[in-house]
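A short worksheet on the structure shown next.
The values are calculated or read from the model by the stated rules, or taken from the named source; none is laboratory data. Values in this document were obtained by computation on a predicted structure and should not be read as measured data. Note: ideal-geometry Cβ built from the backbone for every residue, glycine included; neighbour counts use all protein chains shown. Areas reflect the complete protein model, heavy atoms only, side chains present, ligands, DNA and RNA absent. Shrake-Rupley method; radii C 1.70, N 1.55, O 1.52, S 1.80 Å.
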Amino acid sequence: MKVIIKREFKKEHITVLKKSIRRKYGRFEKVKALLASKGCASPGIGEAYLIYLCTMNEEPIEEEVIIKDKKVFNVFSAKRFEMIDYINNHGPLSLKELARKTGRDYKNVYDDICAMERFLILNVVKSGKEKVPIGKINSIEIRI
Amino acid sequence: MLKIKRVLIAQGEIAESWEYYKNEHLKYYIYAYKILKGRKWNTLIRWDNLNGMDHVDIYDENGNFMESKEFPRREFEDIVKIVSTFRKNIIAMDLSNL
């Protein structure tokens, strides 16, 4: 049994992703230099480099997640599906914005997002002090 | 085009693939086995060709770099099989025999 999630990154998601990378590692030239000098020592630099390459050439980014742990079914709930739907339809939003726009308590939103992030249902990046779920889920499939 | 694939092997353990294609040919790849420590995914093993050579990097459980070795590229499906079988014990193994 496995759950397969397919996600695509639209322009607005890539903008958030790029911003987060720039904050963490700096601009492309710096990432390239870091990769050449200590690429192995800091594993996140390689991923940052590939994202920069993609964004500079305006190439698409796709993600597929395969979850083999049955405990993932404990994470799904009607409320959390509603949240996935809201994120899909309203683009990248910080958790604060998400709580405000859905009229939910921030802590509950935070807990829901963290639970889904742990099982890779959501891809969450740090943008400054804020956490932002990015990527548009196109399908969630259960295979038996 | 960038294709990212993440496989949740067990709670807190993932195999991850980043493949960058140029004109439909695989130019760069990163395959990694990561474990969740606190709220951070730490890399334990990582195969890539970003420096132009296929190799594997090994890290400790805190994500500190330990060593790097040459390693021919394997398909990501093989990497998933290897890490699913050996899990966290993989860092103590001789990878050239796998």
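Just a few scattered comments:
- Residue within region A:75-94 that is on the phi > 0 side of the Ramachandran plot, open to solvent by 40 Å² or more (accessible area, probe 1.4 Å) and either at pLDDT below 95 or β-branched (V, I, T) (or both) present: no
- Residue within region A:65-74 that is facing another protein chain (nearest Cβ under 8 Å), in a loop (DSSP other than H, G, I, E, B), within 25 Å of B:W47 (Cα to Cα) and in contact with a strand residue (DSSP E or B) (Cβ under 8 Å, 6 or more places away or on another chain) present: yes
- Exclusive hit being under 16 Å from A:K136 (Cα atoms), modelled with pLDDT of 90 or more, of a type in the set (D, E) and open to solvent by less than 80 Å² (accessible area, probe 1.4 Å), set A:E97, A:E8: A:E8
- Scanning region B:30-81 for residues that are surrounded by 14 or more Cβ atoms within 10 Å (Cβ to Cβ), touching a His at 6+ places or on another chain (Cβ under 7 Å) and over 18 Å from A:I45 (Cβ atoms) yields one hit, B:F71.
- Positions within region A:103-127 being open to solvent by 40 Å² or more (accessible area, probe 1.4 Å) and either in contact with an Asp or Glu (Cβ under 8 Å, 6 or more places away or on another chain) or touching a residue at least 60 places away in the same chain (Cβ under 8 Å) (or both), in sequence order: A:K126
- Options A:I61, A:I21, A:I51: the member that is within 20 Å of the chain's Cα centre (by Cα), surrounded by 18 or more Cβ atoms within 10 Å (Cβ to Cβ), more than 8 Å from every other protein chain (Cβ to nearest Cβ) and of a type in the set (A, V, I, L, M): A:I21
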